[in-house]
Structure formats: structure tokens, C-alpha cells
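The values are calculated or read from the model by the stated rules, or taken from the named source; none is laboratory data. Predicted model, so just to flag it, every value in this text is computed and none were measured. Quick reminder, even Gly has a Cβ in these numbers, built from the backbone with ideal geometry, and neighbours come from all protein chains shown. Ligands, DNA and RNA are stripped out before the accessible areas are found, and what is left, the full protein with its side chains, is counted by its heavy atoms. Shrake-Rupley method; radii C 1.70, N 1.55, O 1.52, S 1.80 Å.
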Amino acid sequence: AGHYSMQRAKNIPRSYLTTYCLKGLGQQRDTLLIDKFLRGRVSFAQINLNQTLPRVGVFDAVFLRNVMIYFNVDTKRQVVNRILPLLRTGGLFFVGHSETLNGVVDGLIQVKPSVYRKE
């Protein structure tokens with residue numbers, strides 16, 4: 001819904017707040033609402049990574065932080081191979097700091113720990 005407590009905004013730059021947020025009044029005091037245009041560009045969905053992925057688009061970045069740690073190597077390989085076609089060439093793939101994709105799949109270059117780029 002994009003409706004948050006004002007406390008959640010303490011680390012958001014002021015220019016972003018004034019451009020993309022509406023400050024709550026009356027009963028909505030101490031809250032903010034993300035601008036309708038920006039809310040319309042975000043969607044949330046529950047996706048089972050062990051099944052065929054729905055058509056969700058192509059992305060510049062994919063975040064699977066602290067997910068891969070629960071999978072064995074074969075399952076990691078299957079999951080990453082499902083996701084790679086959804087990542088643009090040059091796009092970034094993020095995993096948790098205790099996770100690695102080294103030796104899991106070809107086509108990703110490690111940029112720094114937990115960050116990979118699609119070739």
C-alpha cells in the first residue's frame with residue numbers, strides 16, 4: 001500500500017521525501033504515503049523458487065539475500081538457472097554475505113562478495 005510510519009523515513013533523503021511522499025494529516029499524522037505514480041511501479045508477489053517462475057519481467061537487479069543458504073548445490077543451480085533469463089545482461093545478482101554462487105552456475109562474474117554481474 002506504500003503507507004508507512006514517519007519513523008521509517010528517517011534515513012530517506014529530504015529531496016526524495018518531498019518528491020515521492022505525501023505527509024499524513026489528521027488521523028494519518030506521523031505517517032507518509034508513497035506517491036501514486038511510484039506505488040504503481042512496484043508490485044509484490046509470493047513466488048516459489050523451486051517451480052517454474054511466472055512471467056514477471058526482466059530486471060536490472062535481483063536480490064536473493066539469505067535465501068540460497070537453505071538450498072543444496074543442485075537446488076541452487078536450478079534456482080539460479082530459472083532466474084538468470086530474467087536478469088538483463090550486465091545486471092546484478094545479490095545474495096547474502098554468507099552465501100556464494102561460485103561454482104554454482106556459469107554466466108555470472110563476482111563483482112565483490114555477495115554481488116555478481118551477468119555476462
Can you tell me how many residues within the range 104-119 are in contact (Cβ under 8 Å) with a residue 24 or more places away in the chain and of a type outside the set (Ser, Thr, Tyr)? 6
When residues of the range 38-77 are filtered for being among the charged types (D, E, K, R) and touching a strand residue (DSSP E or B) at 6+ places or on another chain (Cβ under 9 Å), how many remain? 3
Taking the range 83-96 as the region of interest, how many residues are under 16 Å from PHE63 (Cβ atoms), touching a Lys or Arg at 6+ places or on another chain (Cβ under 8 Å) and open to solvent by 30 Å² or more (accessible area, probe 1.4 Å)? 3
By residue number, the members of the range 1-59 that are surrounded by 12 or more Cβ atoms within 10 Å (Cβ to Cβ) and part of a strand (DSSP E or B) are HIS3, TYR4, CYS21, LEU22, LYS23, THR31, LEU32, LEU33, ILE34, PHE59
Consider VAL104 carefully, then state whether it is over 19 Å from the mean Cα position of the chain (by Cα), over 30 Å from MET6 (Cβ atoms) and outside any strand (DSSP E or B). yes
